[in-house]
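**Q** This structure is in structure tokens; I'll ask about it shortly.
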Amino acid sequence: MQADHLRSKYLEFFKNRGHSIIPSSALVPENDPTTLFTGSGMQPMIEYLLGAKHPKGTRIADSQKCFRSQDIEEVGDNRHTTFFEMLGNWSLGDYFKKEQLTWFFEFLTKEVGLDPNKLFVTVFRGNDSLGIGKDAESVAIWKELFAGVGITATDVDFSERDGMQGGRIFYFDEKKNWWSRAGVPANMPEGEPGGPDSEVFYDFGVEKKLHENSVFKDEPCHVNCDCGRFLEIGNSVFMQYQKQADGSFKELAQKNVDFGGGFERILAVKQDTDDVFLTPIFEPIITFLETVSGKQYSDEKVKQSFRVIADHMRAATMLAADGVYPSSKEQGYFARRLVRRAIRYAKMIGIEQPFVAELSKVVANLYSHAYPDVAQNIETVSQGLAIEEKKFANTLQKGLREVEKVEKLTGEVAFKLYETYGFPFELSQEIAKEKGYDLSQEEFDSAKQAHADQSRTASAGKFKGGLQDSSEQTTKYHTATHLLHAALRKILGSHVQQKGSNITAERLRFDFSHPTALTDTEKNAVEAQINEWIQADLPVTVQTMEKKSALESGAIAFFVEKYPDQVTVYTIGNDPETNWISKEFCGGPHVKHTGEIGTIKIEKEKAAAAGIRRVYLV
Ligand code: SER
């Protein structure tokens, strides 16, 4: 397939230039408490950019799966997607600007075969207050590269004010040509690495309608104006600075390159289309939707719906393959929004029958080469998504029935529908509109706030950590919780995450993410594993350490952002460093040895919510 071919070509190109190819990290970052999802290729690389030694050397390349939840609402135009792949290559204090810009230019023009006349680039204008000057070095390199293909590349400044002026290299300030996880220099926290960057744009040749949301919407057309004439396809970040406590920037000990290229976008410009949904990575999805809806993607009336469904179901499938199933909490909340939004848009183009499971199989098939685990897990994934589809159908039915009963759909009613049935606010808003009145986000938000205030008061009296008292029995159950968690992850897979627990003197209740009911074999295996660990009478140890080193040591913490910098970690096993079966952030209390617990039994297993199972253990 063309898409596989492009991805391999990129990796091969960098492999031939001394890079180690590493697999994509999961969409849920393992050790990064700052974010729910992996949203760029460099996120998993941060510690190496700061100087830690990467086991694979100083030149690394990959194709990283990314998900940007903040783009959900943007989806519907020709280029925004929530899930995408970022082609990445890194120099960890190895090569710098010259090699990076030369290689990327060579890749685009020779390997992908793009016409260099259609390529335009940007560089950092410099900013005295940061003590960082104009990126003259990159300008000189770009001039030479273009000259090599017979193009005189002129550098011009202030195209955002004066237009293109016949230029090919454009200077922009830190809003456009600076990259860090936190954005512009002013927003970077102390210690955060960042640096100036150089972007490459592809020119479709025709000035389009100005983008109404662009900050440059009243300016003349230029590479960054967002009118649709130009598409950014890659960004070379010269990650060489670190923000200091006093706000200044200091050079890092090593000068790094962090390159990120939009895989789907390069695929699009390769065939000279500005619509990523017309590329091979979307084609089978679009064809599927045309078949089930009986409509054509080329029809402008349905195009937006096609794009939303295609993007959302692709993202939901890839998230589920990484263990994120629709639910009401954290990452799962976004998975739920994706599936439900896709279903709503499907209805708009006449798809009334269930389609989610089948479409997820189309998606898995697209990635059978690049990410084979998606296809390997597709039965579980498609079932998990279909469960959400069914739930949502119920929700709609019940919600619509309630709507019939009320006189007016107020913010309060909309919130109640949302709270009780998961009825989407957008849908309430649409219904209100059909009935001839407005329902504002503010009305809904204030009803939500009022509710939150109430429940905060109600929960103030409860105990932390699901523990109702610390009698001997509950302490045993508490340690059993850790064993249960570890056993579930060992037997069902590391997608299992604790979603809640509650202990009384009589039993332990435990909720966790998993798409399907446990089979008897699985239940027995979990029970047997826990009892085996209990019989081994493993010591339980507690350590106080820094959050960062705790995470590095493999400790699990599901609400990382809620923990302070110093944390206590409970480890179960013969050696807390090298030989353990469970390691979790926890406030205790716990038994000293697992043998104190006595034999356990799983009494009941059932669904707690979509994608969440609940077990009772005695
Ligand atoms: N970190 C940069 C980006 O995400 C380049 O990889 O655009």
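The values are calculated or read from the model by the stated rules, or taken from the named source; none is laboratory data. Not measured: the values here are computed from a predicted model. Cβ sites come from the backbone with ideal geometry, for glycine too, and all protein chains shown count toward neighbours. These accessible areas exclude ligands, DNA and RNA; they are computed on the full protein's heavy atoms, side chains included. Shrake-Rupley method; radii C 1.70, N 1.55, O 1.52, S 1.80 Å.
**Q** Probe radius 1.4 Å, ligands and nucleic acids ignored: give me the carbon and sulfur share of the accessible area of region 343-423 as a rounded percent.
**A** Values: 2070 of 4240 Å².
Of the solvent-accessible surface of region 343-423, carbon and sulfur hold 49 percent.
**Q** Need one number: nm distance between label points at residue 616 and residue 490, each 7 Å from Cα along Cα→Cβ, rounded to one decimal.
**A** 2.6 nm
**Q** Suppose only helical runs count, i.e. DSSP H with n ≥ 4. What mean residue ellipticity at 222 nm does that imply for the chain under -39500 (n - 2.57) per run, divided by all residues and rounded to the nearest 500 deg cm²/dmol? Display every interim value, and only then the final one.
**A** Numbers: 18 runs with 231 residues, N = 618.
One gets -12000 deg cm²/dmol as the mean residue ellipticity at 222 nm.
**Q** Given labels modelled 7 Å from the Cα in the Cβ direction, how far is it in nm from residue 347 to residue 175?
**A** A separation of 4.0 nm, rounded to one decimal place.
**Q** Using a probe radius of 1.4 Å on heavy atoms only, what accessible surface per residue do you get for the chain? Whole Å² is fine. Could the numbers behind the result be given before it?
**A** Working: 27440 Å² over 618 residues.
Per residue, the chain has an accessible area of 44 Å².
**Q** Measure nothing fancy, just the Cα-based angle from helix 425-434's long axis to the longest principal axis of the chain, in degrees from 0 to 90, nearest 10.
**A** That works out to roughly 70 degrees.
**Q** Related question: Return, for the Cα atoms of region 19-107, the radius of gyration and Dmax in Å, separated by a comma.
**A** Computed over the Cα atoms of region 19-107, radius of gyration and Dmax are 14.5, 41 Å.
**Q** Okay, next question. With everything on Cα atoms, drop me the angle between helix 136-147 and the longest principal axis of the chain, reported from 0 to 90° to the nearest 10.
**A** Helix 136-147 sits at roughly 60 degrees to that axis.
**Q** Sticking with this one: Work out the P(r) tail for region 484-613: percent of alpha carbon pairs separated by more than 17 Å, whole number. Each step should come with its number before you reach the end.
**A** Details: 5145 of 8385 pairs.
Tail of P(r) above 17 Å: 61 percent of Cα pairs.
**Q** Also, I was wondering about something else. How much FRET efficiency would the formula 1/(1 + (r/R0)^6) give for residue 457 and residue 504, where r is the Cβ-Cβ distance and R0 is 30 Å, rounded to 0.05? Provide the component values of the computation, followed by the final result.
**A** Details: r = 24 Å, r/R0 = 0.79.
About 0.80, to the nearest 0.05.
**Q** While we're on this one: Once you charge only the Cβ atoms, +1 for Lys and Arg and -1 for Asp and Glu, what is the size of the charge dipole of the chain about its Cα centre, to the nearest 20 debye? Working shown, then result.
**A** Details: 74 positive and 89 negative charges, 254 e Å.
Charge dipole, the chain, about its Cα centre: 1220 debye, nearest 20.
**Q** With the crude spin-label approximation of a point 7 Å out along Cα→Cβ, what separation in nm comes out for residue 365 versus residue 4?
**A** So the two model labels end up 1.3 nm from each other.
**Q** Right, something else. Over the Cα atoms of region 15-62, what radius of gyration and what Dmax do you get, in Å?
**A** Computed over the Cα atoms of region 15-62, radius of gyration and Dmax are 11.4, 35 Å.
**Q** Give me the net charge for the shell around residue 18: Cβ to Cβ below 14 angstrom, other residues only, Lys and Arg +1, Asp and Glu -1.
**A** Details: positive: 15, 17, 56, 59; negative: 12, 94, 99.
Here the charged neighbours net out to +1.
**Q** Show me the ranking of peptides 282-295, 143-156, 80-93 by mean Cβ neighbours inside 10 Å, starting with the highest.
**A** On the way: 282-295: 17.7, 143-156: 14.8, 80-93: 24.1.
Going from most to least packed, we get 80-93, 282-295, 143-156.
**Q** If you project the alpha carbons of the chain onto the principal axes, what extent comes out on each, in Å, largest first?
**A** That gives 80, 61, 46 Å along the principal axes, largest extent first.
**Q** In whole percent, how big is the carbon plus sulfur part of the accessible area of region 470-609, probe 1.4 Å, protein atoms only?
**A** Carbon and sulfur: 47 percent of the exposed surface of region 470-609.
**Q** While we're on this one: Taking a virtual spin label 7 Å from the Cα of residue 296 along the C-beta vector, which residues in region 330-356 bring their backbone nitrogen under 18 Å of it?
**A** 349-350
**Q** Determine the distance separating the Cα centre of region 50-102 from the Cα centre of region 411-437; give it in Å without decimals.
**A** Using only Cα atoms to place each centre, the spacing works out to 39 Å.
**Q** Order the peptides 61-72, 310-321, 14-25 from the highest to the lowest mean number of other Cβ atoms within 10 Å of their residues.
**A** In descending order of packing, they fall as 310-321, 61-72, 14-25.
**Q** With 31 Å as the limit, write out which pairs from 301/448; 56/97; 110/176; 110/301 have Cα-Cα distances beyond it, or answer none.
**A** Cα-Cα > 31 Å for 301/448; 110/301; rest within.
**Q** Follow-up. Determine, from the Cβ-Cβ distance of residue 442 and residue 151 and an R0 of 56 Å, the FRET efficiency 1/(1 + (r/R0)^6), rounded to the nearest 0.05. Don't skip to the end; give the middle numbers.
**A** Working: r = 53 Å, r/R0 = 0.94.
Once the sixth-power term is evaluated, E becomes 0.60.
**Q** Quick one: dipole size for region 465-618, taken about the Cα centre, charges +1 on Lys/Arg Cβ and -1 on Asp/Glu Cβ, in debye to the nearest 20. Display every interim value, and only then the final one.
**A** Values: 17 positive and 19 negative charges, 97 e Å.
Here region 465-618 has a charge dipole of around 460 debye.
**Q** Please give the FRET efficiency for residue 52 paired with residue 330, using the beta carbon to beta carbon distance and R0 = 22 Å, rounded to the nearest 0.05.
**A** Working: r = 27 Å, r/R0 = 1.25.
Step by step, r from the Cβ atoms, then E = 0.20.
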